[in-house]
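Worksheet: the structure to be examined is printed underneath.
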Amino acid sequence: MPLHKLEHFDPNYRETFGGDDVKALDVYTQGGERIGSVADVLVDQDGRFRYLVLDTSLDFVSKKILLPIGLSRINYPERRVSVNGLSKQQIENLPEYREDAIVDEEYEEKVRNVFRSSTSNVIYDREAYNYQQEPALYDLNEQYNQTFRLYEERLIANKHRVKTGEVAVSKHIETETARVAVPVQKERVLIERVPPTPGGTVIDPNELKFQEGEVARIEVYEEMPNIHKEAFVREEIRVKKVVERDTVEAQDVIRREELDVNTAGELLVDENGGTTHQAI
């Protein structure tokens, strides 16, 4: 049965899988050890995943190999692929995958022989073989590959600004009548006639000069008030905002889903809730 690279079979495979890209996932063992990444996928003529092309690096052994899809557990939300029981020896025994390799029935049988259990009762017949004969290697069955999501509620605190008021600061003019008192001085002329002393004073005729039109001048002043208005800064008003901080507490009842694992028989369950199997 011919195999095709995923991108050759479906150039828009990312849209087909809702934006998920299996070729961007890292590969881990069940114990959580990273052993490489997915380089490509080989699909059959119906578009079913048959092999993951892994670019592996385990214990200083690096090579590209084919991993039957049934031995993997693809988890897109966690962006990882978990592999059941891939060992260094298996990697060494697997034929190295190259871009120009011809993956025919003989090549696939070499891959299957590495992973096939010693207790397997499958007898390979090139003419009659089909993938359904070995579901452990090729089926994406629910037991190993379903993704189970657990949800929980959280209280999310956000803030938004709300206008609670407005302060407008302006000014207006008020008028009043002001009074001011200014003392002023006025000059006036006082003319006094002083009678001569009794008996009079004898004037020397030679000094006596009668003149007509003789005038005595005295300047008279007075103070006039000079009143005007001047503007002064009476007060300065500064307007600014201050931020007051407070803590608002809220509480609500939130829900969370927990995983319940029910087993039947003698199964070993690892800490991640999956069953542990012997290497195939």
> Listed residues Val242, Val180; which is closer than 30 Å to Ala157 by Cβ and either in a loop (DSSP other than H, G, I, E, B) or modelled with pLDDT of 90 or more (or both)?
Replying inline: Val242
>> Looking only at the range 1-54, how many residues end up being in contact with a helix residue (DSSP H, G or I) (Cβ under 7 Å, 6 or more places away or on another chain), touching a residue at least 24 places away in the same chain (Cβ under 8 Å) and hydroxyl-bearing (Ser, Thr, Tyr)?
In response: 1
> For the range 65-84, which residues satisfy the criterion of being under 24 Å from Asn130 (Cβ atoms) and among the small types (Gly, Ala, Ser)?
Replying inline: Gly70, Ser72
>> Can you find a residue that is surrounded by 10 or more Cβ atoms within 10 Å (Cβ to Cβ) and without any contact (Cβ under 8 Å) to a residue 40 or more places away in the chain anywhere in the range 223-233?
In response: yes
> Under the condition of being assigned to a strand (DSSP E or B) and surrounded by fewer than 15 Cβ atoms within 10 Å (Cβ to Cβ), which residue from the range 6-56 is nearest to the chain's Cα centre (by Cα)?
Replying inline: Asp26
>> Quick check on this structure: which one of Ile254, Ile191, Ile218, Ile227 is within 30 Å of Glu78 (Cβ to Cβ) and of a type in the set (Val, Ile, Thr)?
In response: Ile254
> Restricting the range 68-108 to residues that are among the acidic types (Asp, Glu) and in a loop (DSSP other than H, G, I, E, B), which is surrounded by the fewest Cβ atoms within 10 Å (Cβ to Cβ)?
Replying inline: Asp100
>> So, in the range 27-62, how many residues would count as being closer than 22 Å to Leu137 by Cβ and touching a strand residue (DSSP E or B) at 6+ places or on another chain (Cβ under 7 Å)?
In response: 23
> Can you tell which of Ser117, Ser82 is farther than 15 Å from Ala136 by Cβ and either at pLDDT below 85 or among the small types (Gly, Ala, Ser) (or both)?
Replying inline: Ser82
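The values are calculated or read from the model by the stated rules, or taken from the named source; none is laboratory data. All values derive from a computational prediction rather than experimental measurement. All Cβ positions, even for glycine, are placed from backbone atoms using ideal geometry, and neighbour counts span all protein chains on display.
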